[in-house]
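Beneath this line is the structure, given in structure tokens, with notes to follow.
The values are calculated or read from the model by the stated rules, or taken from the named source; none is laboratory data. Since the structure is predicted, the reported quantities are computational estimates derived from the model, not experimental observations. Virtual Cβ from ideal backbone geometry, glycine too; neighbours counted across all protein chains shown. When the accessible area is computed, the model is the full protein with side chains, heavy atoms only, and any ligands, DNA or RNA have been set aside. Shrake-Rupley method; radii C 1.70, N 1.55, O 1.52, S 1.80 Å.
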Amino acid sequence: QVQLAESGGGLVQAGASLRLTCAASAGSFSSYHVGWFRQAPGKEREFIAVRWSGGSSYYADSVKGRFTTTRDNSKNMVYLQMNSLKPEDTAVYYCAATTSRFALSASAYNDWGQGTQVTVSS
């Protein structure tokens with residue numbers, strides 16, 4: 001089991017950048033894939049990115065080219081750099097950890113952070 005905590009959300013204007021941090025407490029964190037999801041009011045939780053344990057990343061089309069996820073296993077940290085933010089990026093952002101290869105689906109994750117609010121004004 002992995003305990004996760006997100007930070008770094010806030011209120012920004014369209015076009016701005018934010019960096020979210022996901023701090024994990026796990027002895028074998030490097031073996032986990034870490035996914036990023038978001039949920040806007042009245043909408044389902046949406047996959048946006050995954051940082052595979054092997055080091056590569058995969059992004060949803062909605063954020064590709066604007067968002068980048070990286071990780072520092074020595075610090076048990078995963079980051080989501082969000083650039084060129086749009087009002088439609090407004091949501092609660094979550095990080096989650098899994099060892100499942102089906103890491104594009106929220107159902108593959110058992111360990112979730114509490115979420116951090118990102119609000120982008122126009």
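The stretch between Ser122 and Asn110 holds 0.8 nm of extra length on full extension. This uses 0.36 nm per residue minus the Cα-Cα distance. Taken per residue, the accessible surface of the chain reaches 50 Å², heavy atoms only and a 1.4 Å probe.
At full extension, Gln3 and Arg101 could sit 33.3 nm farther apart than now, given 0.36 nm per residue minus the alpha carbon distance. Both the radius of gyration and Dmax for the chain are 13.3, 42 Å, in that order, over alpha-carbon atoms. Here the accessible area of the chain is 47 percent carbon and sulfur, with a 1.4 angstrom probe and all protein chains present. Protection proxy ranking, highest mean first, for peptides 69-76, 55-62, 90-97, 27-34: 90-97, 27-34, 69-76, 55-62, where packing is the per-residue count of other beta-carbon atoms within 10 Å, averaged. Quick one: Cα centre-to-centre distance for the range 88-122 and the range 8-48, in angstrom? About 5 Å separates the Cα centre of the range 88-122 from the one of the range 8-48.
Cross-link reach is defined here as a Cα-Cα straight distance under 17 Å, omitting same-chain residues fewer than 8 places apart; for Lys43 the aspartates and glutamates meeting it are Glu88, Asp89.
Annotation: the antiparallel percentage among DSSP beta bridges lying fully within the range 3-122 is about 90. Between Ala60 and Ala23, the modelled label-to-label distance comes to 2.6 nm, taking each label 7 Å out from Cα in the direction of the beta carbon.
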